[in-house]
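The structure appears below as structure tokens.
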Amino acid sequence: MNKNEFASLFKNNYALLYKLAFSMLHDTDDSHDAVHEVFASAWEHRKDILPETAKAYLAQSVHNYCVKQIARKTYNEKLRKLYPIEVSLTLNKHEDDRLREIKRYIDNDLPPNTRQVLQMCFDEEKSYKETAEQLQCSVAYVNKHIVKALRMLRNKFTANNKER
Amino acid sequence: MINPQDMKDLLQEPDGKELYQMAAETKKAFAHEQETEIDVEHEWNKFAARHTTPWYVRYRAIAACAALFVGVTIAAIVHITATPTKPTQQSEDGKPAPTEQTQQVSTSEQEMFVFDNATLKTVLMNLAVHYNAEVEFRNSKSRNIRLHVQIDKGLSLQEAVELLNHFDKVNLKLTDNNTIIAE
């Protein structure tokens, strides 16, 4: 693979790989770094890269890189970033679809109050206390809705997983 | 920022581990939805500058850093003659630069720039006047690199820049709007 081919490989896949990294790391700078690091190592052995498998190879590499980054974090850092405590090196082929389904379920099937609390805590990364203050309710109320939302999601999506 | 204590409380639930794992996936699903405008061209340029430069260019940068780190400015006593018809002048190797600034820039010869122990700044300023170009120093230390060089005025600016790039410590780029960038 010469420099021009490598450049188009980079440009065609950057956005996709960034999205993958961001879904795992939820941090703009860290995600750009992840993609750059992966391309840097790909550049080193660009001679061995086959165009037909390049995309899958890059995606798996970004996944692995992110898993390593997460594994390095301490327990508290994981909780703060809402990273999974255990991460698997296997990249699920249907990961994109699964995440889209989860999001669709949150938008369409959760009761509006529960959805709002979930969004404030997990998307906007507010603490339970901040969320409670903003909604003028108690922290226990926030906690109740979070647990309720997560149980609904768990029942829906881990059951689905077992069927597959 | 998510409060870790909230998540510790969540983990206290009987099915806490599963709930936390689901929470992590929910976070992923939210992040996955987020649309970000990415300037791919910009990312490529950043990448290309850092990684795709040939090894000898990078080596040159390392050599420059090493030289600066040691703090010894040794004039690059290499005469590069652009016109093959003129014989290359040899000079003693490894002669340290004199401590006082002696920049002898002789432009008396009509068709040649002759720089004898001149700083890169002087060299580039003279080129800038001759070629009507701009000069930008990205690294202030590179201004003081001393050179012995002869440049044929008949060369294009691009050729002159390439010629100077043969020096280990010199790393120049010429942009489209006629700016010489010294790194």
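Of the solvent-accessible surface of chain A, computed with a 1.4 Å probe over protein heavy atoms with every protein chain present, carbon and sulfur atoms account for 47 percent. Between A and B, roughly 5000 Å² of accessible area is buried in total, ligands, DNA and RNA not counted and the probe set to 1.4 Å.
Couplings for segment A:140-149, taken from phi via the Karplus curve 6.51 cos²θ - 1.76 cosθ + 1.60 with θ = phi - 60°, read 4, 5, 4, 4, 4, 5, 4, 4, 4, 4 Hz in order; Gly and Pro are left as x. Excluding residues on the same chain fewer than 8 positions from residue B:153, give the lysines whose Cα lies under 16 Å from its Cα. Cross-link targets: B:86.
For the pairs A:81/B:141; B:46/B:169; A:55/B:28; A:47/B:169, note any where the Cα-Cα span goes beyond 32 Å.
A:81/B:141
The label point for residue A:140 and the one for residue A:41, both projected 7 Å from the Cα toward the Cβ, are 5.0 nm apart. Peptide A:95-105 is shielded by partner chain Cβ atoms: per residue, an average of 3 of them sit within 10 Å of its Cβ. Proximity of backbone amide H atoms, modeled 1.01 Å from N, is registered between residue B:134 and B:179, B:180 at under 5 Å, excluding neighbours fewer than 5 places apart on the same chain. Please report how far the C-alpha centroid of segment B:21-52 lies from that of segment A:91-152, rounded to the nearest whole angstrom. Using only Cα atoms, the two centres lie 23 Å from each other. The modelled label-to-label distance between residue A:71 and residue A:55, using points 7 Å beyond Cα along the C-beta direction, is 2.8 nm.
The values are calculated or read from the model by the stated rules, or taken from the named source; none is laboratory data. Since the model is a prediction, treat every value here as computed from it, not as a measurement. Please note: Cβ atoms are built from the backbone with ideal geometry, for glycine as well, and neighbour counts cover all protein chains shown. Ligands, DNA and RNA are excluded from the accessible area calculation, which covers all protein heavy atoms including side chains. Shrake-Rupley method; radii C 1.70, N 1.55, O 1.52, S 1.80 Å.
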